């Protein structure tokens, strides 16, 4: 029979084996936890040297230290990447502050996006205001390839992103049959398209393709691109607001039928030109034109033909004066022309040229009828007088041309004043040009 000492030794070995078995059956979380205690020096467990529990804790501690070092390295790398992307976004915002026009803004965005996203190609599209989209900037391929391309809203990847306002990530276009086939100028099948939004409105689309490493774009890439181009949405939105303001200002001073300046703009300019002439001691010429028997044209041929005559007369006016002269539709069938730095000979020469060109006007309506017209013109020169008096002088000369038989040019005398009783008599002594 075994001795008592042997029994005790066997019992101790059994307990040691039980402890080792218990340690090996511990959940992974407990092993890591105990390893963390060992690594941090906070373990209070007392285990005999060389026991299995001690080996497990030492092993888990070493693994934990290795894992922690790798995690710190990864976090450091991610931190550096975040700093680089934040610096790129800040640099983009500063560059956009100095950019003017959608083309300049688009190129500015693409320069930063291509560097951060490590891609070869990119483009920026924006609405044209005519119900479609235009590519306003491209890099990685010549802009001339897409400069005149118009993209219908809702068609293709760019049109679809604009309509839905949702970003598009395509890992492989060959597996997406609803999209168009990849064009030859692209080296890979993967691309991203992200809308630039100001509130609910989409003001542009940024597309990137062809990663330098040839791999497809990921959801992480999509998130980085969204955050990076956020300042671009504000820049394009501001540019769109500026364009709309310019268009509204232009529409406010343009006559919609003739395409000439309207009466409001004319009144502003005549005041400016009179003040300028007073300062510099120069003369301002003013012509007032009236289409002869225009009511008869409307009655005989209709208002559509009448509007066409208005447009044609406006075109003749623009072609008959200097580029810096101001032509405006004063109202109805009346037009005015402001000629800065004019003299009597030049003023009457331009007036006669206008009268002669319109006298030779011929047009054919939809029924084959020939439409002709003539104009009567009154003109005057002035310096140091108020705009109202100059207008009255030109208006009196116009009525004198009408009374003289129409299709006439009458210029008022510079020496006569409206306050003088013989002003109207002076009209009969002014130069009257006719065919």
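Bear in mind that the values in this text are calculations on the coordinates, not laboratory data. All values reported here derive from a predicted model rather than from experimental measurement. Neighbour counts run over all protein chains shown; Cβ positions are idealised from the backbone, glycine included.
What to note about this one:
- Inter-label distance, nm, simple model (7 Å from Cα along the C-beta direction), residue 278/residue 98: 4.4
- Inter-site label distance for residue 251 and residue 132 at 7 Å from Cα along Cβ, in nm: 2.2
- Ranked by how many other beta carbons lie within 10 Å on average, peptides 222-230, 346-354 from highest: 346-354, 222-230
- From most to least packed by mean Cβ count within 10 Å, the peptides 259-272, 358-371 give 259-272, 358-371.
- Simple spin-label estimate for residue 359 and residue 227 in nanometres, 7 Å along Cα-Cβ: 7.7
- Were the residues from residue 218 through residue 343 laid out at 0.36 nm apart, the gain over their Cα-Cα distance would be 37.8 nm.
- Amide N proximity, segment 358-384 versus residue 299 label position 7 Å along Cα-to-Cβ, cut-off under 12 Å: none
- When each of the peptides 240-248, 130-138 is scored by how many other beta carbons lie within 10 Å of its residues on average, the order from highest to lowest is 130-138, 240-248.
- Taking other C-beta atoms within 10 Å as the exposure proxy, 197, 295 rank 295, 197 from fewest upward.
- In segment 254-433, inverting the average of 1/r over every pair of distinct C-alpha atoms gives 16.5 Å as the Kirkwood radius.
- Hydrodynamic radius by Kirkwood, which averages 1/r over all alpha carbon pairs of segment 156-291, in angstrom: 19.6
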